[in-house]
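Peer 1: Structure in structure tokens, see below.
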Amino acid sequence: MKILDMLHRATTPRLLSALVCLALLSGCSSGPAPSQSSLSLFREVSEETGLRFQHFTGATGDWALPEIMGSGVALFDYDNDGDLDVFLVQSDLVDKSKRLTDALFPPPPGWKPGYRLFRNELLPSGKLQFTDVTGQAGVGQIGYGMGAAVGDYDNDGYQDLYVTNFGRNISITTTATELSPTSRARQASARPGGPAVRPSSTTTATASST
């Protein structure tokens, strides 16, 4: 106990002195405070650049765990043109017996379910602009998306996608065509987090037998 008392007596004055110095230094300023405009590093440009997307949580008041975990986004060069394209993961109703009108936060008018892929037109146009190529690429599958991972798993030089869902995951392979890459999707697993399965040769999503 005596040793603890000695340490306490030796440390407390030093600690108080340090706190006082920090308080004095925090009150000092080398110049006027920066204005709010000078601190703004980002600007909202989604609407003017064509990146229009509304995430839907599917919450209906049952407090399901997936509803508070969000979804995900993948930035990757899907068409190998040198700029980053945007793949956005969408959610859905957890309880399929309910309707969109039952949602606590219903989607806006004109909302479409399913994932979205936006092609970046920065190269070669030189202007930041996005084009919705979801239908063209065949990646508009509907599920309760939780996230996405990117990697060239088949070593063909094109980045592929693996989308994790609350339910079956989806593996999407990007392949080169004469005009642009297209994607072929197949349900990867009957269990969340299951292994990826090489896609079939069709352009539609089919359920895996595993």
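Peer 1: Being open to solvent by 30 Å² or more (accessible area, probe 1.4 Å) and either in contact with a Cys (Cβ under 8 Å, 6 or more places away or on another chain) or part of a loop (DSSP other than H, G, I, E, B) (or both) is the filter here; which residues of region 44-60 pass it?
Peer 2: 44, 45, 51, 52, 53, 54, 55, 57
Peer 1: Taking the condition of being among the aliphatic types (A, V, I, L, M), surrounded by 18 or more Cβ atoms within 10 Å (Cβ to Cβ) and out of contact with any strand residue (DSSP E or B) (no Cβ under 6 Å at 6 or more places or on another chain), how many residues in region 86-101 meet it?
Peer 2: Of the residues in region 86-101, 2 are among the aliphatic types (A, V, I, L, M), surrounded by 18 or more Cβ atoms within 10 Å (Cβ to Cβ) and out of contact with any strand residue (DSSP E or B) (no Cβ under 6 Å at 6 or more places or on another chain).
Peer 1: With respect to the numbered conditions (1) part of a loop (DSSP other than H, G, I, E, B); (2) within 30 Å of residue 96 (Cβ to Cβ); (3) small (Gly, Ala, Ser), which one is the sole condition not fulfilled by residue 82?
Peer 2: (2)
Peer 1: Another one. Consider residue 74 carefully, then state whether it is in contact (Cβ under 8 Å) with a residue 24 or more places away in the chain, surrounded by 13 or more Cβ atoms within 10 Å (Cβ to Cβ), over 30 Å from residue 175 (Cβ atoms) and hydrophobic (A, V, I, L, M, F, W, C).
Peer 2: no
Peer 1: What number of residues in region 136-165 are aliphatic (A, V, I, L, M) and touching a helix residue (DSSP H, G or I) at 6+ places or on another chain (Cβ under 9 Å)?
Peer 2: Qualifying residue count, region 136-165: 1.
Peer 1: Can you find a residue in region 114-125 that is open to solvent by 70 Å² or more (accessible area, probe 1.4 Å), part of a loop (DSSP other than H, G, I, E, B) and at pLDDT 90 or above?
Peer 2: No, that holds for no residue.
Peer 1: Can you pull out the residues in region 139-153 that are surrounded by fewer than 20 Cβ atoms within 10 Å (Cβ to Cβ), modelled with pLDDT of 90 or more and either out of contact with any Phe, Trp or Tyr (no Cβ under 7 Å at 6 or more places or on another chain) or part of a strand (DSSP E or B) (or both)?
Peer 2: Of everything in region 139-153, those that are surrounded by fewer than 20 Cβ atoms within 10 Å (Cβ to Cβ), modelled with pLDDT of 90 or more and either out of contact with any Phe, Trp or Tyr (no Cβ under 7 Å at 6 or more places or on another chain) or part of a strand (DSSP E or B) (or both) turn out to be 142, 147, 149, 150, 151.
The values are calculated or read from the model by the stated rules, or taken from the named source; none is laboratory data. Being a predicted model, the structure only gives us computed values, none of them experimental. Cβ: placed from backbone, ideal geometry, glycine included. Neighbour counts: every protein chain shown. Ligands, DNA and RNA are excluded from the accessible area calculation, which covers all protein heavy atoms including side chains. Shrake-Rupley method; radii C 1.70, N 1.55, O 1.52, S 1.80 Å.
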